[in-house]
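The values are calculated or read from the model by the stated rules, or taken from the named source; none is laboratory data. These numbers come from a predicted model, not from an experiment. Methodologically, a virtual Cβ is constructed for each residue, glycine included, from the backbone with ideal geometry; neighbour enumeration extends over all protein chains shown. Please note that ligands, DNA and RNA were not included when accessible areas were found on the heavy atoms of the full protein model with its side chains. Shrake-Rupley method; radii C 1.70, N 1.55, O 1.52, S 1.80 Å.
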Amino acid sequence: MKWLTRHVPSLLAAVTVVVGAAHVARAQEPAAAGVEADAAKIRQLVFDMEKAFEQVHDYTTTMYKQERVKGRLMPREEIEVKFRKPLALYLKWTGEVNQTREVIYVKGWNDDKIRAHKGSFPDMTVNLRPDSSMAMQGNRHQITEAHFGHAIGLIARDARLSESRPQDGVRYLDHGEKVVHGARSRCIEARTPAGGVFTVYYAARAKVCFDLKTKMPTRIQVWDADGDLLEDYGFQGTKLNVGLADADFDPANEAYNF
């Protein structure tokens, strides 16, 4: 038990979503130029993402994750992700940070706990509630939120909120098309005005890039009212509806190291 007390916090320092490709990032990013866009048109792009995800049964992707936790911008992580509806996740850290760490979560399995192992010596497998303080240490989100459906849901929620509250003055920008993590993408942005209105929204400023073909996210960035980066998630090599099986979410899988 003493070993668990000392090591489990570090074991799950990065267990959750949602990303980038470098190890050092700026604490702030200047507001990049974008074209002021018609709110209805931008919202429709968001709703198209939501609709496209309804047709996704499973997917694999490489996720790049960076989050600000308790005022500190954490190192970027590279994570191999497998997802299957309604909610099954397998994550393996493949970059320099937390290399070879693995986590599995399947809703309703394992008493609804995550199964994880640190990946470095001394290593052992543990089971923890996704919302436990140890599982959440160093993270902004639970692992149960580490998938496209959750991210798109938040984006769509804010789009509908701004639509129903025109008095908030949310502005939308269109950043056009560009290649993001190897995929031709469209990038859009929402900004709330200063003065506290942003508190009813998920973010004061959010920029989303999505694959033109699949409508799935290729990058999601979120800033607070002071312009500090809070979250940066990137997705590369995404493959949809690949037919993931139960074995992909089984710690007994011979390809895994639980």
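Semi-axes, largest first, in whole Å: what does sqrt of 5 times each Cα gyration tensor eigenvalue give for region 101-231? Please report the intermediate quantities before stating the final value.
Numbers: eigenvalues 211, 71, 40 Å².
Values for region 101-231, descending: 32, 19, 14 Å.
Could you order Val106, Val242 so the one with the most accessible surface comes first? Probe is 1.4 Å. List each step's numbers first, then the result.
Values: Val106 35, Val242 70 Å².
So, going from the largest accessible area down, we get Val242, Val106.
For Glu80 and Glu177, compute 0.36 nm times the residue count separating them, minus their Cα-Cα distance, and round to one decimal in nm. If you can, show how the numbers build up before the last one.
Numbers: separation 97, 0.36 × 97 = 34.92 nm, distance 2.59 nm.
Value of the extension gain: 32.3 nm.
Which of the trypsin sites (Lys or Arg not before Pro) across region 143-227 are loop residues per DSSP, with 11 or fewer other Cβ within 10 Å? List each step's numbers first, then the result.
Working: sites: Arg157, Arg160, Arg171, Lys178, Arg184, Arg186, Arg191, Arg205, Lys207, Lys213, Lys215, Arg219; in loops: Lys213, Lys215.
Sites meeting the loop and neighbour criteria: Lys213.
Excluding ligands, DNA and RNA, what is the solvent-accessible area per residue of region 126-212 at a probe of 1.4 Å, expressed in Å²? If you can, show how the numbers build up before the last one.
Values: 3770 Å² over 87 residues.
Here the residues of region 126-212 average 43 Å² of exposed surface.
Evaluate 2.2 N^0.38 Å with N set to the residue count of region 55-96, then give the Cα radius of gyration divided by it. Intermediate values should be presented prior to the final figure.
Numbers: Rg = 12.7 Å, N = 42, 2.2 N^0.38 = 9.1 Å.
Compared with the compact-globule rule of thumb, region 55-96 sits at 1.39.
Please go through the residue pairs Lys41/Lys213; Lys70/Lys215; Lys51/Lys118; Lys65/Lys107; Lys65/Lys213 and name each one whose alpha carbons sit more than 29 Å apart in this structure. List each step's numbers first, then the result.
On the way: Lys41/Lys213 18 Å; Lys70/Lys215 32 Å; Lys51/Lys118 36 Å; Lys65/Lys107 23 Å; Lys65/Lys213 23 Å.
From the list (Lys41/Lys213; Lys70/Lys215; Lys51/Lys118; Lys65/Lys107; Lys65/Lys213), the Cα-Cα distance tops 29 Å for Lys70/Lys215; Lys51/Lys118.
For Phe53, Phe258, give the ranking by accessible area with the largest first, probe 1.4 Å.
Values: Phe53 25, Phe258 60 Å².
The ranking, largest first, comes out as Phe258, Phe53.
What nm distance separates the two modelled labels at Arg160 and Asp226, each placed 7 Å from Cα along Cα→Cβ?
Label-label distance for Arg160 and Asp226, simple model: 3.3 nm.
What's the carbon and sulfur percent of region 133-258's accessible surface, probe 1.4 angstrom, rounded to a whole number? Provide the component values of the computation, followed by the final result.
Numbers: 2750 of 5650 Å².
That fraction is 49 percent.
I need the phi-derived Karplus couplings for region 154-165: 6.51 cos²θ - 1.76 cosθ + 1.60, θ = phi - 60°, integer Hz, Gly and Pro marked x.
3J(HN,Hα) across region 154-165, in whole Hz: 5, 5, 5, 4, 5, 5, 5, 5, 5, 5, 7, 10.
Give, in nm to one decimal, the length gained when the segment between Glu54 and Leu212 is fully stretched (0.36 nm per residue of separation minus the Cα-Cα distance). If you can, show how the numbers build up before the last one.
Numbers: separation 158, 0.36 × 158 = 56.88 nm, distance 1.64 nm.
Between Glu54 and Leu212, full extension yields 55.2 nm more.
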